[in-house]
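Participant: For reference, the structure I am asking about is given below.
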Amino acid sequence: MASSSTNPAAKFDTSRASEYARQSRIALAGYDACHDLAACMLAATLGPARAANVLVVGAGGTAQEIIAMAALEPDWRFSAVDPSAPMLDAATQQLQANELLHRTQLHLGHVDDLPAAPSFDAATLIGVLHHLKGDEPKQHILCSVQARLKPGAPLIVAGNHYAYASQPLLLQAWGQRWRQQGASAEEVAAKLGKILQGADPPHSEAAVQALLHKAGFGQATRFFSSLFWGAWLACRLPVSAN
């Protein structure tokens, strides 16, 4: 997913979709490990070797969530939703290359476009929240996901947290990672400027937990961290506890 105050998917056009796989792996050190661990955390919560229907929100680009989960859990099926057509096209190509289209239903649009019924055994929301401006849209998407999860179902939330300017050392380290991958000084400066202006992550881990709690999830467990990035698992509370 993406970020613009009026249309969060707008910046994920064809040019960005085509470079997303490389860019995301530079921006997030441990990209593949995070996705593998997310699959492990879901399996640990759901129980081994069981069938599951998993909602994947913001699946466009690499479809790495689905690829990682499908490789580890052959009985899982997936519903992938993304509001960016170019990003969903890129994900479709990756799923086709990995022979996973038969296990995946693809939806161009938003979570709200799906039937409002608790039909999913688990969900992932990876790389999404920090692209939504302000707490209201963050809260809305979490509530929309919660409404489509069965009681007790786990949710993986992963993305940047902290106000970027509040962590100058992490910001400098992020810039150095780009430099070490071949970006010029001008390119690094442009990327740092873009991230400062173009995203709005939750400002702390406590803020992530507060958003989850307000949306009807229990205590979140963090299982991955990389500079600004964090990944958590939380479960939908029973109906009587919401």
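The values are calculated or read from the model by the stated rules, or taken from the named source; none is laboratory data. Here the structure is a predicted model, which means the values were calculated and not measured. Quick reminder, even Gly has a Cβ in these numbers, built from the backbone with ideal geometry, and neighbours come from all protein chains shown. Surface accessibility is based on the protein's heavy atoms, side chains included, excluding ligands, DNA and RNA. Shrake-Rupley method; radii C 1.70, N 1.55, O 1.52, S 1.80 Å.
Participant: If I take all pairs of Cα atoms in the range 98-138, what percentage of them are more than 16 Å from each other? It would help to have the intermediate numbers written out before the result.
Facilitator: On the way: 476 of 820 pairs.
I get 58 percent for the Cα pairs in the range 98-138 exceeding 16 Å.
Participant: Let me ask something additional. Taking the square root of 5 times each eigenvalue of the Cα gyration tensor, what semi-axes in Å does the equivalent ellipsoid of the range 121-219 have, largest first? Provide the component values of the computation, followed by the final result.
Facilitator: Values: eigenvalues 192, 34, 25 Å².
Gyration-tensor ellipsoid for the range 121-219: 31, 13, 11 Å.
Participant: Which value at 222 nm does the chain reach when only helices count, each DSSP H run of 4 or more adding -39,500 (n - 2.57), with the total divided by all residues and rounded to the nearest 500 deg cm²/dmol? List each step's numbers first, then the result.
Facilitator: Values: 8 runs with 102 residues, N = 242.
That comes out to -13500 deg cm²/dmol.
Participant: Given a 1.4 Å probe, how much area per residue of the chain is accessible, in Å²?
Facilitator: On the way: 10850 Å² over 242 residues.
In whole numbers, the chain has 45 Å² accessible per residue.
Participant: Once you order the gyration tensor axes a ≥ b ≥ c over the Cα atoms, which shape class does the chain get: rounded for a/c under 1.5, otherwise prolate or oblate by comparing a/b with b/c? Working shown, then result.
Facilitator: Numbers: a/c = 1.61, a/b = 1.32, b/c = 1.22.
Verdict is prolate for the chain.
Participant: Amide H to amide H, which residues 5 or more places from ILE126 or on other chains are under 5 Å from it, using H placed in the peptide plane?
Facilitator: VAL57, ALA158
Participant: If you count, for each residue, the other Cβ atoms within 10 Å and average over each peptide, how do 114-122, 42-50, 66-74 line up from highest to lowest?
Facilitator: Values: 114-122: 16.1, 42-50: 14.2, 66-74: 18.9.
Order by mean packing, descending: 66-74, 114-122, 42-50.
Participant: Still on this structure, please answer the following. If you average over every viewing direction, what projected area does the convex hull of the Cα atoms of the range 157-196 give, in nm²?
Facilitator: Working: hull surface 12.3 nm².
So the mean shadow area of the Cα hull is 3.1 nm².
Participant: I would also like to ask the following. For the chain, please report how many Lys pairs fall under 23 Å Cα to Cα, leaving out neighbours fewer than 8 apart on the same chain.
Facilitator: Within the chain, the lysine pair count is 11.
Participant: So what's the range 166-242 giving for Rg/Rh, alpha carbon basis, Kirkwood Rh from the mean inverse pair distance?
Facilitator: Working: Rg = 16.7 Å, Rh = 14.7 Å.
On the Cα set of the range 166-242, Rg over Rh gives 1.14.
Participant: Here's a follow-up. Could you work out the pair-distance distribution P(r) of the range 97-166 from its alpha-carbon pairs, with 5 angstrom bin width and percents rounded to whole numbers?
Facilitator: Going out from 0 Å in 5 Å bins, the range 97-166 shows 3, 13, 20, 24, 18, 11, 6, 3, 1 percent.
Participant: Around ASP121, what is the net charge, scoring Lys/Arg as +1 and Asp/Glu as -1 over all other residues with Cβ under 15 Å from its Cβ?
Facilitator: Values: positive: ARG50, ARG77, ARG103, ARG148, LYS150, ARG236; negative: GLU65, GLU73, ASP75.
Net charge around ASP121: +3.
Participant: Can you give the net charge of the other residues whose Cβ lies under 15 Å from the Cβ of ALA43, counting K and R as +1 and D and E as -1? Present the calculation step by step, with values, prior to reporting the outcome.
Facilitator: On the way: positive: ARG50, ARG77; negative: ASP36, GLU65, GLU73, ASP75, ASP121.
Local net charge: -3.
Participant: With the full set of protein chains in place, find how many percent of the accessible area of the range 161-242 is carbon and sulfur; take the probe as 1.4 Å. Display every interim value, and only then the final one.
Facilitator: Numbers: 2450 of 4370 Å².
The nonpolar share, carbon plus sulfur, comes to 56 percent.
Participant: Convex hull over the alpha-carbon atoms of the range 34-94: what's its volume per residue in Å³? Let's see the in-between values first.
Facilitator: Numbers: hull volume 4.3 nm³, N = 61.
Cα-based convex hull of the range 34-94, divided per residue, equals 70 Å³.
Participant: Hey, another quick one. Pull up all non-local amide H partners of ALA80: gap of 5 or more, or a different chain, and H-to-H distance under 5 Å with H placed in the peptide plane.
Facilitator: Those qualifying (amide H under 5 Å, at least 5 residues apart or on another chain) are VAL56, GLN105, LEU106, HIS107.
Participant: When the solvent-accessible surface of protein heavy atoms is calculated with a 1.4 angstrom probe, in what order do HIS102, HIS161, HIS140 fall, highest first?
Facilitator: Working: HIS102 145, HIS161 5, HIS140 105 Å².
Final ranking, largest accessible area leading: HIS102, HIS140, HIS161.
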